[in-house]
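Below: the structure, in structure tokens.
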Amino acid sequence: MRGIERMIERREYCIDILQQTAALRAAVDSVALLILEDHVQGCVRTAAEQGDPERYIEEVLDVVRRTLGKPVRNPRV
């Protein structure tokens, strides 16, 4: 982020800045996927083993929907 901010401040070539933002987005998406995988491996598996998977399954689906920019089915109030 700071590198992109410096690029903007130095008024670097727009295409270079856009390439860096794309790289940042890809890195953030990779981290998000790792966290989601960890959540599914831990929390969702435990919930399924304890007979209460529905809440966690819907939670994971909501996160995936938000990540993809899709509407959430059961928004929390």
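Taking the stated definitions as given, is residue 60 out of contact with any Cys (no Cβ under 6 Å at 6 or more places or on another chain), surrounded by 11 or more Cβ atoms within 10 Å (Cβ to Cβ) and not in a helix (DSSP H, G or I)?
Here the answer is no, as residue 60 does not meet what is asked.
Going by the structure shown, is residue 55 among the basic types (Lys, Arg), closer than 25 Å to residue 71 by Cα and assigned to a helix (DSSP H, G or I)?
yes
Given the options 66, 6, name the one that is surrounded by 11 or more Cβ atoms within 10 Å (Cβ to Cβ), among the basic types (Lys, Arg), without any contact (Cβ under 8 Å) to a residue 60 or more places away in the chain and part of a helix (DSSP H, G or I).
66
Can you tell me which residue in the range 17-44 is farthest from residue 64 (Cα to Cα), limited to those that are at pLDDT 95 or above and surrounded by 11 or more Cβ atoms within 10 Å (Cβ to Cβ)?
17
The values are calculated or read from the model by the stated rules, or taken from the named source; none is laboratory data. Just so we're clear, the structure is a prediction, and the values are computed from it rather than from any experiment. No Cβ is skipped: glycine too gets one built from the backbone with ideal geometry, and neighbour counts run over all protein chains shown.
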